[in-house]
Amino acid sequence: MSNETVYAIASGKGGVGKTTTTVNLGTALAEAGERVAIVDTDLGMANLAGFVSLSPDSTTLHDVLAGAASTDDATYQLADNIVAIPSGTSLDDYAETSPEGLREVVDDLRSQFDYVFLDVGAGISHETVLPLGLADAVVLVSTPEPAAVHDTTKTIELTERSGGDVAGLVLTRTRAESDISHDDLADRLEVPLLGTIPEDAAARESVYAGTPLVVYDPDGPAAVAYRQLAAELTGVAIPTPDASDSEERVGGASGTESDDSDDGREAAHDDVSSAITEAESDH
């Protein structure tokens, strides 16, 4: 098992599958029995808010970073073994946040969970750079497109400036018939290639179904690749789940409720699609 337990999932460009990667890595590990927390550290554009049924007065990471709530107050149960800490959507609340408080949040979660995934916002800002230095390692997400790969170099530079370490590169939406060498792309960036996620129609379908891809189509090529990536990244043996059992355990389209509510309030899974669709509409 890897000594790294906190990962920042980052990209230089939006729409490359960063949130999808965060959710599916976390879900695969949760299915393997690991306790997982996923955190939306994009304070300005809440990507994970759709995983929970948030009312205007719901507690979010904004409240925690404003000193008005604890981490536990903003923790929502998604399914067995996995919780989410969403950011808020209010610009007024965003203005009250102190991003420096994220260090305490990460330390708190590190002590409670086996793995913590920080969904980092794209672009260059203080709140983007901060998680890169707080994580044990940074997972770079990009498509093979030249513009996306080029923007990844900026994330690498930001990681270095923040004192963080790059775990490697994940390429999404890859095509077997392409003449692009994925290894060459990683070599060009001077980082290891952690894995590739093939283009898969089920990825979009899973978003609209409100179900993580590794649950929605567990035998599909992208789902298999995400489980392999989770195993490669962490060293955890990831089982191949039975589709019907997975929907019950990880809040699939059936909407079955989790029996374990001690680690946070239960999420409304019907809202999952809105979160990822808005964040990654071209995935």
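Data overview
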item	result
Distance from segment 180-228 to segment 99-153 (C-alpha centre basis), Å	19
Placed amide H near ILE82: partners under 5 Å, 5+ positions off or other chain	VAL36
Rounded to whole Hz, the Karplus (6.51, -1.76, 1.60) HN-Hα couplings of segment 171-182, x for glycine and proline	9, 9, 6, 7, 10, 4, 7, 6, 8, 7, 8, 5
Backbone HN-Hα couplings from phi across segment 105-110 [Karplus 6.51/-1.76/1.60, Hz, Gly and Pro as x]	4, 5, 4, 5, 5, 4
Karplus (6.51, -1.76, 1.60) ³J(HN,Hα), θ = phi - 60°, over segment 128-143, in Hz, Gly and Pro reported as x	7, 5, 3, x, 4, x, 7, 6, 5, 7, 10, 9, 8, 10, 7, 8
Restricting segment 109-178 to GluC sites (Glu not before Pro) in coil, as DSSP defines it, with at most 10 other Cβ within 10 Å	GLU177
Counting all C-alpha pairs of segment 154-230, share separated by more than 22 Å (%)	36
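We did not get these values from a lab; they are worked out from the coordinates using the rules stated. Remember, predicted model here, so these are calculated numbers, not experimental data. Don't worry about glycine lacking a Cβ; one is built from the backbone with ideal geometry, like all the others, and counts go over all protein chains shown.
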